[in-house]
Amino acid sequence: MRAQRIRKAGPEDWPQLLHVEEKCFSSDRVSAERFRYYLRRQSILVLLAEALDEGETVEAEEVETGASGPASGRATEAVGRSEAAGAVAAGEAVWAAAGYAMVFFRKDSVSCRLYSLAVMPEFRGGGTVRALMETIYAEMARRGLRRLVLEVRPDNAAAIRYYEKNGFTVFGRYENFYEDGSYALRMEKILTLERAEQGAGDGLLDRAGEDPVDSRTKSENK
């Protein structure tokens, strides 16, 4: 299993987030403009999951020139991926976007909303979703929040199974939620006091576990 890390995304990360979005979903996509907007909002937390691209580092000439040519395809792509997260140093390991999560917080509310959750197909099953969710729980505990809500398509059986297995229950539905007119199931999880206290000390952890096949939770219109 590749080494992974979870970090808070910044305004410069929108290309990586958009790449994940376009690889994971064919409809109800978050646009580049919306990503840039969300990344500026203090009430929105965007977490970026990254996996170490094993055996690949950035060479000095690629950092300086963005080398092109028959032998430079993967390395040039690597420079592009790393530049979104900041300056790239020669010999630096390359981290590839594996997924992301977006959470909406509301002032004076005890709840927060998992607006979007996506994992690249090649990283599913490697613990990326669990690492993202554990980081969300830790942030909830830090803020004193205990209730997480989300929406999921009724035909997304794998995601529903994952959420139910991890303590979420259905409490309602939204009609005409998605672009194709489908309704959404509304699900919630209440963190126990013990779990919240554990999460408060976790911080940004990397964990392994089962991932759902797909986990689109949002509608751009809601």
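Looking at this structure, is Tyr174 within 30 Å of Leu52 (Cβ to Cβ) and among the hydroxyl-bearing types (Ser, Thr, Tyr)? For Tyr174, the condition - within 30 Å of Leu52 (Cβ to Cβ) and among the hydroxyl-bearing types (Ser, Thr, Tyr) - is not met.
Report the residue count in the range 40-57 for those that are under 13 Å from the mean Cα position of the chain (by Cα) and either in contact (Cβ under 8 Å) with a residue 60 or more places away in the chain or assigned to a helix (DSSP H, G or I) (or both). Quick ask: steps written out before the conclusion?
Step one: of the range 40-57, the residues under 13 Å from the mean Cα position of the chain (by Cα) are 44-51.
Next, only the ones that are either in contact (Cβ under 8 Å) with a residue 60 or more places away in the chain or assigned to a helix (DSSP H, G or I) (or both) stay: 44-45, 47, 49, 51.
Number of matching residues: 5.
Across the range 103-126, the qualifying residues are those that are closer than 13 Å to Gln4 by Cβ and surrounded by fewer than 23 Cβ atoms within 10 Å (Cβ to Cβ), and the one among them that is modelled with the highest pLDDT is Met120.
The rows are residues; the columns are (1) at pLDDT below 85; (2) under 20 Å from Lys189 (Cβ atoms); (3) loosely packed, with under 14 Cβ neighbours inside 10 Å; (4) touching a Pro at 6+ places or on another chain (Cβ under 7 Å).
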position: Asp28; (1), (2), (3), (4): no, no, no, no
position: Glu50; (1), (2), (3), (4): no, no, no, no
position: Glu59; (1), (2), (3), (4): yes, no, no, no
position: Glu77; (1), (2), (3), (4): yes, no, no, no
position: Gly91; (1), (2), (3), (4): yes, no, yes, no
position: Ala97; (1), (2), (3), (4): no, no, no, no
position: Ala101; (1), (2), (3), (4): no, yes, no, no
position: Leu132; (1), (2), (3), (4): no, yes, no, no
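Filter the range 105-114 down to the residues that are out of contact with any Leu (no Cβ under 8 Å at 6 or more places or on another chain) and touching a residue at least 40 places away in the same chain (Cβ under 8 Å), then identify the one that is nearest to Val20 (Cα to Cα). Within the range 105-114, the match that is nearest to Val20 (Cα to Cα) is Arg106. Against the condition assigned to a helix (DSSP H, G or I) and at pLDDT 95 or above, how does Arg81 come out, does it pass? Taking the combined requirement at face value, the residue does not satisfy it.
When you go through Arg130, Arg173, Arg143, Arg147 one by one, which is the residue that is among the charged types (D, E, K, R) and out of contact with any strand residue (DSSP E or B) (no Cβ under 8 Å at 6 or more places or on another chain)?
Values: Arg173 fails: out of contact with any strand residue (DSSP E or B) (no Cβ under 8 Å at 6 or more places or on another chain); Arg143 fails: out of contact with any strand residue (DSSP E or B) (no Cβ under 8 Å at 6 or more places or on another chain); Arg147 fails: out of contact with any strand residue (DSSP E or B) (no Cβ under 8 Å at 6 or more places or on another chain).
Only one candidate qualifies: Arg130.
Taking the criterion of being part of a loop (DSSP other than H, G, I, E, B) and of a type outside the set (Gly, Ala, Ser), would at least one residue in the range 5-21 satisfy it?
Initially, the range 5-21 is screened for residues part of a loop (DSSP other than H, G, I, E, B), giving 9-10.
If we keep only those that are of a type outside the set (Gly, Ala, Ser) as well, we get none.
Checked against the condition, which is being part of a loop (DSSP other than H, G, I, E, B) and of a type outside the set (Gly, Ala, Ser), the range 5-21 yields no hits at all.
The values are calculated or read from the model by the stated rules, or taken from the named source; none is laboratory data. Computed from a predicted model, the values in this text were never measured in an experiment. Every residue, glycine as well, gets a Cβ built from its backbone with ideal geometry; the counts of neighbours run over all protein chains shown.
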